[in-house]
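Working notes, beginning with the structure itself.
Here, each number is a calculation from the coordinates, and none is a lab measurement. Only a predicted model underlies this, so the values are computations on that prediction, with no experimental measurement involved. Note: ideal-geometry Cβ built from the backbone for every residue, glycine included; neighbour counts use all protein chains shown.
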Amino acid sequence: MKPIVVLIFVMLLAPLASIQAIEFADHFEDATLRIDYFHTAHATCDEIALDEMTLSDTWAGNPENSLAPTENGRYAIKVVDIASNKLLYSRHYLDIVFEYKGETPAKEGQKRTYHQSALIPCPRQPVRFTIECRDTNHTLHPVFSRIIDPNDRAIKREAASRADRVFAMVKNGHPHDCVDLVFVAEGYRTEEFGKFKTDSQRFVDYLFTLEPFASMKDRFNIHGVFRASAQSGVDYPAERRYRNTVVDASYDTFGSGAYVTVFDNKTLRDIAGKIPYDHVIVLANTDKYGGSGFYNSYTLFTSDNERSEEIFTHEFGHGFAGLADEYIAESYFDVYYTRGVEPLEPNITAYLNSKYVKWAHLLTPNVPLPTPAVEENDGLVGLFEGAGYTKTGMYRSCLHCVMGAGGLPFCAACQDAIENVIEFYSR
Ligand SMILES: [Zn+2]
């Protein structure tokens, strides 16, 4: 998703689905299998081809929660036991391919290819690995399927680069028991290692001033990983300014000035994979406003803009918790939503009915529905019209939220959703 107020972007979370207990150790080793693939698409086409597979020590996830907690996410990866056909592992996510499919060239049939990675716990036996894509009614359809044999000699078992520098900022326990975040440096030269450490720590400290992070800090491990870029900054094509940087981040994604995304996913995953992680955050060394956030994929924001804290919070809401944008930008609506179809994200709804609202348990008693968007209603939890890029027919829980146009804290629905994600990853 894109950056706020220009910060666009979207995420999906959904109702807690039925969760089958999976005996993790029966099916998986404590190791991460990274499956790299190329995703080629236009508006009505998805083609996926395997690139490489890489094995690394330790699985970051909570072994008690192998299956996606909600339906939120435009794509799904699934790992199925071949003998029993039992679903062993699933995750839902959003990536840039979904947004490309809404762009004009894609609608005209021009294909474009993006490199992506799926991280799964390493299976003990051969499994079927599937990638599925949702249609406009949210129904999932398989677009790729392959048997993966963990003994395949093509699976690389290389040691991580010894040149990358790792440092801990928050440490509370084993990766299985905690939310594991990793900050990756983008556009920092060798001599700027100290600046990256200071910048990362500043935003980590800021994150834990916000709820629900402040109350749940002991659930987190946070590391930084530094690989030096040849130059400072990131690409800024609008001014024909290009920088040689490690993950090749660039402004102007899809012609949207402040939309900064990563164009070298493989290197990003190599760097982040130095330690086990649940979510990767790219910190780009520039004072320009910009960022992006893709649910269960990555968060990116810039270091030195006067609004960097707000950008970080907003994009992390997308990337980590799959939150939707709560602001209005009609031109983006059609890419993400269909009138009459309830969004998957936990913080917006098309229902004007307290019985069906995702945050029904949070509604202020006797709150009027819809809830008039006037300052005297600041503090109420209700149904405020205007969210998911559109002025009408879509509702948010509070008057202000960092996922919307104003106010820094997360609203009630967003806080609740983030709490659920933290609970999912930790124990
Ligand atoms: Zn919100």
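Apply 1/(1 + (r/R0)^6) to the Cβ-Cβ distance of Asp26 and Glu423, taking R0 = 25 Å, and write down the FRET efficiency to the nearest 0.05.
Result of the calculation: an efficiency of 0.60.
To make sure I understand, if each residue's beta carbon is the centre and we count other beta carbons within 10 Å, what order do Cys414, Cys178, Cys398, Cys45 fall in, fewest to most?
Ordered from fewest to most neighbouring Cβ atoms within 10 Å, Cys414, Cys178, Cys398, Cys45 come out as Cys45, Cys178, Cys398, Cys414.
Could you work out [θ]222 nm for the chain from helices alone, using -39500 (n - 2.57) per DSSP H run of at least four and dividing by all its residues? Round to the nearest 500 deg cm²/dmol.
-4500 deg cm²/dmol
Tell me, what ³J(HN,Hα) does each residue in the range 254-269 have, in order and in whole Hz, if you take phi through Karplus 6.51 cos²θ - 1.76 cosθ + 1.60 with θ = phi - 60° and put x for Gly and Pro?
Coupling constants for the range 254-269: 6, x, 9, x, 8, 8, 9, 10, 8, 10, 10, 4, 5, 5, 4, 6 Hz.
When the chain is treated as a GNM, springs tying every alpha-carbon pair under 10 Å, which of His361, His42, His174 comes out with the largest mean-square fluctuation?
Maximum among the listed residues: His361.
Find the relative contact order for the chain and round it to a whole percent, using C-alpha pairs within less than 8 Å whose residues are 6+ positions apart.
Relative contact order here is 18 percent.
Work out the length of the dipole vector of the range 24-148 about its Cα centre, built from +1 on the beta-carbon of each Lys and Arg and -1 on the beta-carbon of each Asp and Glu, and round it to the nearest 20 debye.
280
What distance in nm lies between label points placed 7 Å from Cα along the C-beta direction at Phe193 and Asp378?
Output for this residue pair reads 4.5 nm.
Please arrange Glu211, Glu29 by how many other C-beta atoms lie within 10 Å of their C-beta, fewest to most.
Lowest count first: Glu211, Glu29.
Given 0.36 nm per residue, what is the gain on full extension from Val341 to Asp152 after removing their alpha carbon distance, in nm?
63.8 nm
For the chain, modelled as a GNM with alpha-carbon contacts under 10 angstrom, which of Thr70, Thr245, Thr198 fluctuates the most?
Result for the chain, Cα springs under 10 Å: Thr198 fluctuates most.
With 10 angstrom as the radius, rank Ser308, Ser215 by how many other C-beta atoms surround their C-beta, starting from the fewest.
Listed from fewest to most nearby Cβ atoms, that is Ser215, Ser308.
For the pair Tyr242 and Ala168, how long in nm is the line joining their label points, each one 7 Å along Cα→Cβ?
4.1
Please work out, to two decimal places, the log10 of the ratio I(q)/I(0) at q = 0.13, 0.18, 0.23 Å⁻¹ from a Debye calculation in which every Cα of the range 24-148 carries one identical scatterer.
Debye curve over Cα of the range 24-148, log10 I(q)/I(0) at q = 0.13, 0.18, 0.23 Å⁻¹: -0.54, -0.97, -1.42.
Tell me, what ³J(HN,Hα) does each residue in the range 166-182 have, in order and in whole Hz, if you take phi through Karplus 6.51 cos²θ - 1.76 cosθ + 1.60 with θ = phi - 60° and put x for Gly and Pro?
So the Karplus estimates, Gly and Pro as x, are 10, 9, 8, 10, 9, 9, 10, x, 5, x, 4, 9, 10, 6, 10, 10, 10 Hz.
Using a cut-off of under 18 Å, list every residue of the range 111-142 whose amide N is near the label point 7 Å from the Cα of Ala49 along the Cα-to-beta-carbon line.
Hits in the range 111-142 for Ala49 at 18 Å: 111-118, 131.
Taking the range 280-320, which GluC sites (Glu not before Pro) meet the DSSP loop condition and have no more than 10 other C-beta atoms within 10 Å?
In loop regions of the range 280-320 (DSSP not H, G, I, E or B), the sparsely surrounded GluC sites (Glu not before Pro) are Glu306.
Using only the Cα atoms of the range 334-402, what do you get for the radius of gyration and for Dmax, in Å?
11.3, 35
Hey, got the dipole for the chain? About the Cα centre, +1 on K and R Cβ, -1 on D and E Cβ, debye to the nearest 20?
680
Gln110 versus Asn353, label points 7 Å from Cα toward the beta carbon: distance in nm?
With each label placed 7 Å out from Cα toward Cβ, I get 4.4 nm.
Considering every pair of different Cα atoms, what Kirkwood radius, in Å, is found for the range 165-321?
Across the range 165-321, the inverse of the average 1/r is 15.3 Å.
Only Cα pairs within less than 10 Å get springs; with that Gaussian network setup on the chain, which residue of Val374, Val357, Val127 has the largest fluctuation?
In this elastic network of the chain, the residue with the biggest mean-square fluctuation among Val374, Val357, Val127 is Val374.
Counting just the Cα atoms, what span does the chain cover along each of its three principal axes? Round to the nearest Å and put the largest first.
Projected onto the principal axes, the Cα atoms of the chain cover 62, 54, 49 Å.
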